[in-house]
1. Taking only the alpha carbons of region 161-237, what extent do you get along each of the three principal axes, in Å, biggest first?
2. For Asp29, which sequence-distant residues (separation of 5 or more, or a different chain) have an amide H within less than 5 Å of its own amide H, given hydrogens modelled in the peptide plane?
3. Using each residue's phi in region 345-352, evaluate 6.51 cos²θ - 1.76 cosθ + 1.60 at θ = phi - 60° and report the 3J(HN,Hα) Karplus result to the nearest Hz, with x for Gly and Pro.
4. In percent, what relative contact order does the chain have, based on Cα pairs under 8 Å that are 6 or more apart in sequence?
5. Starting from 0.36 nm per residue, how many nanometres of slack lie between Arg210 and Glu108 once their C-alpha separation is accounted for?
6. Taking the Cβ of Leu111 as the centre, find all other residues whose Cβ is under 15 Å away and add up their charges (Lys, Arg: +1; Asp, Glu: -1).
7. If the only charges are +1 at each Lys and Arg Cβ and -1 at each Asp and Glu Cβ, what is the size of the charge dipole of region 28-84 around the Cα centre, to the nearest 20 debye?
8. Which FRET efficiency, nearest 0.05, do Gln39 and Thr388 yield, Cβ-Cβ r, R0 22 Å?
Amino acid sequence: QPAFQVNLLRNDFPILSEQVNGKSLIWLDNAATTQKPRQVIERLSYFYQHENSNIHRAAHELAARSTDAYEGARQKVQNFINARSANEIIFVRGTTEAINLVAGSWGEQYLQQDDEIILTHLEHHANIVPWQLLAQKKGLKIRVIPVDEDGQLLLEEYARLLNPKTKLVAFTLVSNALGTITAAKTIVDMAHAAGAKVLADGAQSVSHIRTDVQLLDADWFVFSGHKIFGPTGIGVLYGKEALLNSTQPYHGGGNMIKDVTFESTQFHPAPSLFEAGTGNIADAVGLGAAIDYVQKIGIDNIYEYEHFLLNYATKKLEQIPGLRLIGTAAEKTSVLSFVLQGYTTTEVGEALSREGIAVRSGHHCAQPILRRFGLESTVRPSLAFYNTCSEIDTLAHVITSLQPRIK
Ligand code: PMP
């Protein structure tokens, strides 16, 4: 076991001391959302007590404080994902909004009838539906990279799908339903070699695996604050600066303009170009605090500990009679997906909840990949760095104690 101060770190999360159904909470629904450390909760409270103001517009002291806090958070994100410039960081509501923004701005502007978009069989609905809406509107074709029996992408099939009509490849770095880590750098390089742009969905990778957008070289990288110990309602669209500034805006309004007449408008460049109106200032600041918190622990330390914990949990669950793990790729992080013979996934979820254990049971907004394995739903425990071996032992114990029901 790596020397990781998990018990000390758990003290930072007030909710981890919560009792549910008379038991100590075991939070294993981290792929849906993560819990918040005191440092984030207190930062939000400090903002509203000492800094709250709209940003940019007014020339008074509190406007300066809130602007500094907001732009400071942008720089923390820039530093965390290693973007070249803070201008490449656009605050949005989350991953879903970021993908819709790219589809509704760049996609609207640059894609034409018969152009092709490549997605993967692993995608979350948020990285399928916006492209489908655009495809229906414009007559685009969507192609899908298949997976093998372990839930890993078949790159030779991907190579066959790429062609001169391919204009975009949109893929996830980590599957939220199976935990598969995709070969991100290879996927990006192959797309670029074919002349396509690439959108990388980092919703499930950003809190587990180091992000370096310059190394990855994707044209856009998107994630949600709430999945990295930050508030809900805030997320990030990273885009290469020249690309952002050659894309028409998605929303029009205040903040994003240099000059407006009834005849025409001159816009500011990115990031303002894509931040019309009053944004989610406090939660952006809260996300900055979450990133500081993660950086203090060290993302590589988190990766190492979680890798150990995932292996530990996999070995435990594999031993349970009647339990079938879905998603057995060699490259995985943080997610375990399974079905239990004789039980519906809802029944397993409810049995776990009675013992204070929170997992997701359902389709995880990724119906195509579950159907690839002949399923409509799975039970999905998902890990964060504050989970422990002892919590995994309790999980395995409760599942094991369900009376075998062989149909
Ligand atoms: N993509 C992936 C891989 C996800 O796991 C999620 C959230 N489950 C999303 C996109 C959508 O994120 P949000 O709901 O925060 O917009």
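1. On the principal axes, region 161-237 reaches 41, 23, 21 Å in Cα extent.
2. Close amide H contacts, sequence-distant or interchain: Ser382.
3. 5, 5, 4, 5, x, 5, 5, 5
4. 23
5. 33.6 nm
6. +2
7. Its charge dipole is roughly 160 debye.
8. 0.60
Each reported figure results from applying straightforward, stated rules to the coordinates on display, with no laboratory input. On a predicted model such as this, the values are computed, not experimentally measured, just so you know. Cβ sites come from the backbone with ideal geometry, for glycine too, and all protein chains shown count toward neighbours.
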